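Chemist: After the structure tokens below, expect a handful of questions from me.
Just so you know, all these numbers are worked out from the coordinates, no wet-lab data involved. Note that the coordinates shown come from a computational prediction; the quantities given were computed from them, not determined experimentally. No Cβ is skipped: glycine too gets one built from the backbone with ideal geometry, and neighbour counts run over all protein chains shown.
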Amino acid sequence: MAIHQFPTLNPVPQHIAVIMDGNRRWAQQRSLPVAMGHASGARRVRALVQACAERGVRYLTLFAFSTENWKRPADEVSGLMGLLALYLQKEVRDMNDRGVRLRVIGDTSGFNARIQALINDAQVSTAHNTAITLTIAANYGGRWDLLQAVRAWQAANPEAAPEALTEDALAPYLSTAFAPEPDLLIRTGGEARISNFMLWQLAYTELYFTEVLWPAFGEAELEQAINSYAQRDRRFGGGSADKPLKVSA
């Protein structure tokens with residue numbers, strides 16, 4: 001598989017986050033059950049992980065199931081839980097073959113004991129892999145992440161005054177503390193919002209929205225997103241990346 005080189009202002013993003021939206025609409029457009037849309041979306045993950053690894057992306061984080069998704073119809077939620085369990089069972093061998101490390105973030109206590117065990121086993125089994133880290137955000141919400149981080153910091157520093165809680169002090173307690181903040185967020189499905197995903201971590205992330213529904217998002221679409229990112233002038237609140245701000249005396 002050819003790896004395209006882009007003329008870039010920025011290197012390849014080291015961390016890409018994806019909101020995988022559009023599974024239900026993809027199924028409805030084809031008069032298929034919603035479950036078929038989710039299954040087709042799940043099958044996209046392996047190819048995306050491989051394409052990212054080949055391009056030098058070190059971290060890929062996928063928003064698989066939000067804290068709000070429990071509000072969906074019971075049969076749809078049950079199907080999503082089944083897909084998660086199946087993915088954790090079937091993909092570990094391939095992850096080890098390809099050097100993929102799996103991390104799962106979110107309130108996993110909300111899942112049944114079987115899924116919790118599968119999550120633990122998959123993370124332990126792939127912990128030695130170094131090609132790329134795939135993070136699945138499941139029962140995850142950005143607000144939840146901030147709350148749990150503050151509570152964890154407070155538990156670790158019970159005598160500390162509130163003023164001691166700084167950005168640097170809180171960062172190690174976020175669920176994504178093992179990874180750099182995302183360079184690029186991709187959202188499929190035509191919506192232009194972040195939907196309670198990684199609220200802290202996306203502060204300076206480049207955003208890329210596409211009309212393509214997630215089950216149809218392939219390597220060509222990934223390439224377009226990375227190419228768009230490569231042309232961005234990332235300022236981080238300062239001046240142009242290639243033209244530093246001049247400060248008057």
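Chemist: Could you pull out every whole DSSP H run in the chain that spans at least 27 Å of Cα extent along its own axis and averages 0.0 or higher on the Kyte-Doolittle scale?
Modeler: Those that clear 27 Å and a mean of 0.0 are 34-54.
Chemist: Determine the distance separating the Cα centre of the stretch 67-99 from the Cα centre of the stretch 185-239; give it in Å without decimals.
Modeler: Result: 23 Å between the Cα centres.
Chemist: Report the full-extension gain for the segment Val150 to Asp97: residue separation times 0.36 nm, less the Cα-Cα distance, to one decimal in nm.
Modeler: 15.3 nm
Chemist: Within the chain, what percent of beta bridges assigned by DSSP are antiparallel, to the nearest 5?
Modeler: In the chain, approximately 5 percent of DSSP beta bridges are antiparallel ones.
Chemist: Which residue, Ile226, Ile194, Ile19, has the most motion in a Gaussian network model of the chain that connects Cα atoms within less than 10 Å?
Modeler: The residue with the greatest mean-square fluctuation here is Ile194.
Chemist: Over 24 Å apart: what share of the alpha carbon pairs of the chain falls there, rounded to a whole percent?
Modeler: 51 percent
Chemist: Next question. In nm, to one decimal, how far is the modelled label at Asp121 from the one at Glu211, with both set 7 Å along Cα→Cβ?
Modeler: 4.4 nm
Chemist: Return the distance in nm (one decimal) between the two label points of a simple spin-label model at Ala160 and Gln29, each offset 7 Å from Cα along Cα→Cβ.
Modeler: Placing both labels 7 Å along Cα→Cβ, they lie 4.8 nm apart.
Chemist: Asp183: net charge of surrounding residues, Cβ under 13 Å, Lys/Arg +1, Asp/Glu -1, itself excluded?
Modeler: +2
Chemist: For a Förster distance of 30 Å, can you work out the FRET efficiency between the beta-carbons of Ala47 and Ala74, rounded to the nearest 0.05?
Modeler: 0.45
Chemist: Rank these for me by crowding, Ser31, Ser66, going from fewest to most other beta carbons within 10 Å.
Modeler: Ser31, Ser66
Chemist: Same structure, new question: Treating the stretch 54-98 as a set of equal point scatterers at the Cα positions, no solvent, please give the Debye-formula log₁₀ I(q)/I(0) at q = 0.29 Å⁻¹.
Modeler: -1.08
Chemist: Sorted from fewest to most neighbouring beta carbons within 10 Å, what does the list Phe178, Phe111, Phe209 look like?
Modeler: Result, fewest neighbours first: Phe178, Phe209, Phe111.
Chemist: For the stretch 1-144, what is Rg from Cα atoms divided by 2.2 N^0.38 Å, rounded to two decimals?
Modeler: After normalising by residue count via 2.2 N^0.38 Å, the value is 1.09.
Chemist: Now for a separate question. With each run of n ≥ 4 DSSP H residues scored as -39500 (n - 2.57), what mean residue ellipticity at 222 nm is computed for the chain after dividing by its residue count and rounding to the nearest 500 deg cm²/dmol?
Modeler: Using -39500 (n - 2.57) per qualifying helix, the result is -12000 deg cm²/dmol.
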